[in-house]
Amino acid sequence: MHTFAGRTAVVTGAASGLGLALASACLARGMNVVLADIDPAALEAAMATMPPARALAVPTDVSEARSVAALAEHARRRFGAIHLLANNAGVAPMGSLEDSTIADWQWAIGVNLMGLVHGLKAFLPGMRAHGEAAHVLNTASVAGLLAPGGMAVYNTTKHAVVALSETLLHELQEDRVPIGVSVLCPAWFPSRLAEGDRMRPAGLQNREPVGAARKATEARLAAAAAAGRLSAQDIATIALDGVAANAFIILPHERIRSAIEGRFADIIACKSPRDPLARPAG
């Protein structure tokens with residue numbers, strides 16, 4: 001999708017962090033934008049920074065198919081054809097497989113994976129029907145290409161995002177429809193992702209205290225995010241440049257490429273992949 005001006009984007013998880021940066025970047029390129037988020041107060045605050053004629057806010061729970069279907073209807077009624085679907089909403093429960101609860105799995109799968117599925121089901125038919133150039137941008141993570149310890153739930157759901165995105169890419173190419181697919185795989189950067197528990201549904205709250213190992217992992221990753229060299233705005237710009245170039249994998253953080261190369265080299269050599277977050281021995 002080479003042309004942005006005059007077209008319409010839908011961005012989930014748009015009230016803060018990368019989602020808000022993506023929405024703002026779309027506006028800067030001349031697009032209309034529909035902002036979707038589960039947090040109504042944050043969504044209202046985000047809308048206060050947007051031009052009312054070109055932006056629409058729709059409170060949305062991406063884990064619920066009916067909520068996403070309603071989002072699609074609101075978007076179409078306001079702006080007509082949708083050209084860019086940014087499936088960006090995500091949550092990040094941390095912890096090892098043993099530390100992770102069933103509630104963690106249900107929450108993350110509902111948002112990180114089923115949220116993407118619901119978005120595709122709600123918007124792809126319309127994008128196919130209008131016949132204009134369009135694009136799907138799915139936010140994964142380098143955790144969709146690497147699998148460090150202490151991140152069992154997050155790694156699994158983000159690998160699923162990459163796999164589903166690649167499958168969709170092949171299917172759309174086979175059908176010869178003008179819809180591109182990109183999967184955004186940033187490393188850690190300053191965002192509110194680690195604060196996602198504030199919007200966790202009541203029925204999926206953890207009833208037991210978080211263990212020390214899990215807290216240590218969360219602290220280490222929070223420090224890595226805070227030290228990130230790229231901002232959400234930087235990553236949003238790189239993402240839209242990738243959409244314009246019809247890139248499939250978008251890797252904003254150059255420094256992570258060697259770890260990805262090492263992981264796949266280990267796999268091809270039938271060796272156990274190295275943990276990119278493991279501390280060196282000694």
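The values are calculated or read from the model by the stated rules, or taken from the named source; none is laboratory data. Everything numeric here is computed off the predicted structure, so don't read it as measured data. Note: ideal-geometry Cβ built from the backbone for every residue, glycine included; neighbour counts use all protein chains shown.
Numerical summary
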{"read-out": "Whichever residue in the range 113-131 is surrounded by fewer than 23 Cβ atoms within 10 Å (Cβ to Cβ) and either among the aliphatic types (A, V, I, L, M) or in contact (Cβ under 8 Å) with a residue 60 or more places away in the chain (or both) and, among such residues, is nearest to H253 (Cα to Cα)", "value": "L113"}
{"read-out": "Unique match (being of a type in the set (D, E) and free of Cβ contacts under 8 Å to residues at least 40 places away in the same chain) among E73, E64", "value": "E73"}
{"read-out": "Lone unmet requirement of (1) crowded, with 17+ Cβ neighbours inside 10 Å; (2) modelled with pLDDT under 90; (3) in a helix (DSSP H, G or I) for V243", "value": "(2)"}
{"read-out": "Test set (1) crowded, with 18+ Cβ neighbours inside 10 Å; (2) farther than 21 Å from A259 by Cβ - R176 fails condition number", "value": "(1)"}
{"read-out": "Unmet criterion (only one of (1) over 21 Å from P59 (Cβ atoms); (2) modelled with pLDDT under 95; (3) not in a loop (DSSP other than H, G, I, E, B)) for E195", "value": "(1)"}
{"read-out": "Of residues in the range 118-139 being hydrophobic (A, V, I, L, M, F, W, C) and over 12 Å from the mean Cα position of the chain (by Cα), the one nearest to V10 (Cα to Cα)", "value": "F123"}
{"read-out": "Test: residue in the range 164-176 that is of a type outside the set (D, E) and in a loop (DSSP other than H, G, I, E, B)", "value": "yes"}
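So that you can scan it fast, the table gives a plain yes or no per residue for (1) of a type in the set (A, V, I, L, M, F, W, C); (2) in contact with a strand residue (DSSP E or B) (Cβ under 6 Å, 6 or more places away or on another chain):
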| residue | (1), (2) |
| --- | --- |
| E44 | no, no |
| L56 | yes, yes |
| H74 | no, yes |
| N88 | no, yes |
